[in-house]
Amino acid sequence: MPIVSKYSAETQQQLLEDVLAALANAPADLALMTLGNAVSNVIDQHYSSAQAAQIAEQFGKVLLQSMQKRA
C-alpha cells in the first residue's frame, strides 16, 4: 500500500530543489554532514525526547530502503 502524503508532489519537489540548490557547490561530505544536522534539528524541534529516537530510526530505515530500490 503506497504512503499517502498530506503534501503535494509539487510542494515536495520545490522544497527538494531549494535544498539541492543550496548544497549544489558543497563537497559531498559537507552536504551530508549538513543534511544530517538539519534532520537532527527538525527531529529535536518537532518531536519529544521520547519520540526522537523512534523517529530517527524510522528515518534511517526509510533512507536505507530508498537506497536499496536504486541499487
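The values are calculated or read from the model by the stated rules, or taken from the named source; none is laboratory data. Predicted model, so just to flag it, every value in this text is computed and none were measured. As a convention, Cβ positions derive from the backbone with ideal geometry for all residues, glycine included, and neighbour counts pool all protein chains shown. Surface areas here come from the heavy atoms of the whole protein model, side chains and all, with no ligands, DNA or RNA. Shrake-Rupley method; radii C 1.70, N 1.55, O 1.52, S 1.80 Å.
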*What is the one condition in (1) in a helix (DSSP H, G or I); (2) more than 15 Å from the chain's Cα centre (by Cα); (3) surrounded by 10 or more Cβ atoms within 10 Å (Cβ to Cβ) that A26 does not satisfy?*
(1)
*Find all pairs meeting these conditions: Cβ atoms under 9 angstrom apart; at least six residues apart or on different chains; first residue within the range 49-68 and closer than 18 Å to A38 by Cβ and free of Cβ contacts under 8 Å to residues at least 60 places away in the same chain; second residue open to solvent by 100 Å² or more (accessible area, probe 1.4 Å) and assigned to a helix (DSSP H, G or I).*
A52/D44; I55/H46
*State whether one or more residues within the range 8-18 are at pLDDT 95 or above, in a loop (DSSP other than H, G, I, E, B) and surrounded by 10 or more Cβ atoms within 10 Å (Cβ to Cβ).*
no
*Tell me which residues, restricted to the range 46-71, are open to solvent by less than 80 Å² (accessible area, probe 1.4 Å), modelled with pLDDT of 95 or more and not small (G, A, S).*
I55
_Conditions first: (1) in contact (Cβ under 8 Å) with a residue 12 or more places away in the chain; (2) open to solvent by 90 Å² or more (accessible area, probe 1.4 Å). I43 passes all but one, so which condition is the exception?_
(2)
